[in-house]
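We did not get these values from a lab; they are worked out from the coordinates using the rules stated. All values reported here derive from a predicted model rather than from experimental measurement. Here the Cβ positions follow ideal geometry from the backbone for every residue, glycine too, while neighbour counts run over all protein chains shown.
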Amino acid sequence: MSQLALPLKLQDHAVFESFLPGGNEALVAFLESTVATGAGTGGWIWGAPSTGKTHLLQAVCERAADRAQFLPLNDFRHAGPAVLEGLQSRQFVCLDDVDSVAGDAQWEVGLFSLFNALRDTGMVLVCSAAAPARESNFALADLVSRFSMLPAFHIEPLKEPERIEALQLRAHHRGLDLPAETASYLLLRSKRDMASLYALLDKLDSEALKAQRKLTIPFVREVLDFSQ
């Protein structure tokens, strides 16, 4: 167990079943196999914001349950590397936005020590970042070398038709029926990144539950007009 209390709650939607792979089938298969077998050193997932990196790291932790720890480093960078203490006792350690602490000497030493401890005990480290390890601005050469050992996957953003399918999948996972025409309407009236679209779907879910309404275009228009 980590020596610090990490008040982290996984998002209830962040499971493999609610993630539309799009062009990322190999990545999803790799992560599911890694959790199932516990084999390998882990992986490095890199790509643009709102492409599903956090979702997949949390899905690993949801599947592995109390054998895993999710840690978003961008949220804890000011706390210092002490938050890493004790993580080597977990079979799966998932570090989100690991590059957010690049260039900080203390953090880099802490990450180097954690990597070595996990490798020595056969544990699994999964990291997310905006770029490959060698392009993530880490100053400690040995750390870059260690991170570069991890199998790297570039997560591909969803194409337009896949965004509609992803919204429908997320809605279905929440017990909602989201018609394709309503999903298309959302894409026209919202920011097009998936994080914004999912946040809007969460809001619509709440409003539909209160109003006992279905997610029709007229209802969605009412909610959007009222909130703008």
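May I ask for the net charge around SER113, where only other residues with Cβ less than 12 Å from the Cβ of SER113 are counted and Lys, Arg are +1 while Asp, Glu are -1?
Summing Lys and Arg as +1 and Asp and Glu as -1 gives -2.
Report, in deg cm²/dmol and to the nearest 500, the calculated mean residue ellipticity at 222 nm for the chain, where each DSSP H run with n ≥ 4 adds -39500 (n - 2.57) and the sum is divided by the residue count.
It comes out at -14000 deg cm²/dmol, rounded to the nearest 500.
Please give the FRET efficiency for ASP75 paired with GLU160, using the beta carbon to beta carbon distance and R0 = 35 Å, rounded to the nearest 0.05. Could the numbers behind the result be given before it?
Working: r = 31 Å, r/R0 = 0.89.
Approximately 0.65, to the nearest 0.05.
Of ILE45, ILE217, ILE155, which is the most mobile in a GNM of the chain whose springs link Cα atoms less than 10 angstrom apart?
In the Gaussian network model the winner is ILE217.
Given that compact globular proteins tend to follow 2.2 N^0.38 Å, what is the ratio of the alpha-carbon Rg of the range 91-215 to that value?
Rounded to two decimals, the normalised Rg is 1.46.
With a ≥ b ≥ c the root eigenvalues of the C-alpha gyration tensor of the range 120-159, is it rounded (a/c under 1.5), prolate (a/b larger than b/c) or oblate? Don't skip to the end; give the middle numbers.
Numbers: a/c = 3.06, a/b = 1.36, b/c = 2.26.
Taking the square roots of the gyration eigenvalues as a ≥ b ≥ c, the range 120-159 is oblate.
For an R0 of 30 angstrom, estimate the FRET efficiency from the Cβ-Cβ distance between SER184 and PHE16 and round to the nearest 0.05.
Numbers: r = 26 Å, r/R0 = 0.86.
That gives a FRET efficiency of 0.70.
Report ³J(HN,Hα) in whole Hz for each residue of the range 109-119, in order, from the Karplus equation J = 6.51 cos²θ - 1.76 cosθ + 1.60 where θ = phi - 60°; Gly and Pro get x.
Result, ordered by residue: 5, x, 5, 4, 5, 5, 4, 5, 5, 5, 5 Hz.
Which residue, ALA26, ALA195, ALA211, tops the fluctuation ranking in a GNM of the chain built on C-alpha contacts under 10 Å?
In the Gaussian network model the winner is ALA211.
Would you kindly compute the Cα radius of gyration of the chain and its largest Cα-Cα separation (Dmax), both in Å?
That works out to 19.1, 58 Å for Rg and Dmax.
For the range 137-201, what class follows from the C-alpha gyration tensor (a ≥ b ≥ c being the square roots of its eigenvalues): rounded when a/c is under 1.5, otherwise prolate if a/b is larger than b/c, else oblate? Kindly include the intermediate steps, with their values, before the conclusion.
Working: a/c = 3.45, a/b = 2.87, b/c = 1.20.
It is prolate, given that a/c is not under 1.5 and a/b is the larger ratio.
On a 0 to 90° scale, report how tilted helix 53-64 is relative to the longest principal axis of the chain, with both axes built from alpha carbons and the result rounded to the nearest 10.
70 degrees
Using a Gaussian network for the chain with springs between C-alpha atoms less than 10 Å apart, which of these wobbles most: GLY38, GLY103, GLY175?
Result: GLY175 has the largest fluctuation of those listed.
Less than 11 Å Cβ to Cβ from GLU207, Lys/Arg counted +1 and Asp/Glu -1: what total charge do the surrounding residues give? List each step's numbers first, then the result.
Details: positive: LYS203, LYS210, ARG213; negative: ASP202, ASP205, GLU222.
Here the count lands on 0.
Note down the magnitude of the dipole of the chain about its Cα centre, charges +1 on Lys and Arg C-beta and -1 on Asp and Glu C-beta and zero elsewhere, to the nearest 20 debye. Walk me through the numbers before you get to the answer.
On the way: 21 positive and 28 negative charges, 58 e Å.
I would put it at about 280 debye.
Which one, ALA139, GLN168, LEU20, is farthest towards the positive end of the dipole of the chain when Lys and Arg carry +1 and Asp and Glu -1 on their Cβ?
Going by the Cα projections, it comes out as GLN168.
Please work out the Cα center distance from the range 59-98 to the range 140-155, rounded to the nearest Å.
Cα centroid of the range 59-98 versus Cα centroid of the range 140-155: 17 Å apart.
Helix 217-227: angle to the longest alpha-carbon principal axis of the chain, degrees 0 to 90, nearest 10?
Tilt relative to the chain: about 70 degrees.
In degrees between 0 and 90, to the nearest 10, how far off the longest principal axis of the chain does helix 25-37 point, with axes built from Cα atoms?
The two axes meet at around 60 degrees.
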